[in-house]
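Here's the structure we're looking at; comments come further down.
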Amino acid sequence: MFINILQGALNLIFPDNCLLCRQFLNSQHKRQVCSKCLDSLAFNPTPLTAPDRHKYAFDEPWSVCFYNETAQKLLHAFKYQGKTSLRKTFVPLMINFIDRHHLTINKYDIIAPIPLHPSRLRERGYNQSLLLSLPLSQHYGIPHTENLLIRQKRTQTQTELGAKQRWTNLEDAFRIKNLDLAKDKNILLIDDLYTTGATANTASIVLKKAGALGVGILTLSKTV
Ligand SMILES: [Zn+2]
């Protein structure tokens, strides 16, 4: 009772507004984005785009929505402005996407975030991909690990580079941390953004060399 009154008073003093359009959100609203802004996301109608097997080492790339203006603004706030509570908006969108398209997530033995380089992690204070991967693993009851890969090379942000540079930028970016976690496993990697597929590809090469049976990549957004 007291908590409710306090929460109500706090909402009057610090009302929650939509991160994008600043529209007032009532206190029942668990998200930081209003439904009108969420509706302006461009959801991906064909999640099962088969990758070019000669070009990519991963087996399945799944992306929830395209990287339109709304997605770009939200991911920027999520990664660079400390708006970590946006996970409460993103994770349900990812679950909805998986369930709506009947994606076979349960074939995966393990879920892992794409790791950040330790120095970038220190600067940012959190790995945004982990904020997505952990609740997804809990929701589907699939084991989660952060001990699969190490990011050993601090690479430039992929979005700042041209297509060709993105591939060379990522060479040797990852190494395996724990062989036992990869061997004979189907692994689902989680990232916030898919651009050329270079990040997922580089991680997948390392995992397959370590004996992974299959590697999938699920991202919130994709650029093309
Ligand atoms: Zn809004």
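The values are calculated or read from the model by the stated rules, or taken from the named source; none is laboratory data. Fair warning: this is a prediction, and the values are worked out from it, not measured in the lab. Please note that ligands, DNA and RNA were not included when accessible areas were found on the heavy atoms of the full protein model with its side chains. Shrake-Rupley method; radii C 1.70, N 1.55, O 1.52, S 1.80 Å.
Before I look further, what does the range 72-224 give for accessible area per residue, probe 1.4 Å, in whole square angstrom?
Computed with neighbouring chains in place, this is 45 Å² per residue.
Using the Karplus equation 6.51 cos²θ - 1.76 cosθ + 1.60 (θ = phi - 60°), what ³J(HN,Hα) coupling, rounded to whole Hz, does each residue of the range 70-75 give in order, writing x for Gly and Pro?
Each residue of the range 70-75 in turn: 4, 4, 4, 5, 5, 5 Hz.
Cross-link partners among lysines for LYS83, C-alpha distance below 22 Å, same-chain residues fewer than 8 apart left out?
LYS30, LYS36, LYS73, LYS222
Which pairs break 21 Å Cα to Cα here: LYS88/LYS177; LYS107/LYS185; LYS153/LYS208; LYS185/LYS208; LYS177/LYS209; LYS55/LYS209?
LYS88/LYS177
Residue by residue through the range 174-190, which ³J(HN,Hα) values in whole Hz follow from phi under the Karplus form 6.51 cos²θ - 1.76 cosθ + 1.60 (θ = phi - 60°), with glycine and proline marked x?
Taking θ as phi minus 60°, the curve returns 10, 9, 6, 9, 9, 4, 4, 6, 9, 4, 6, 10, 9, 10, 10, 8, 10 Hz for the range 174-190.
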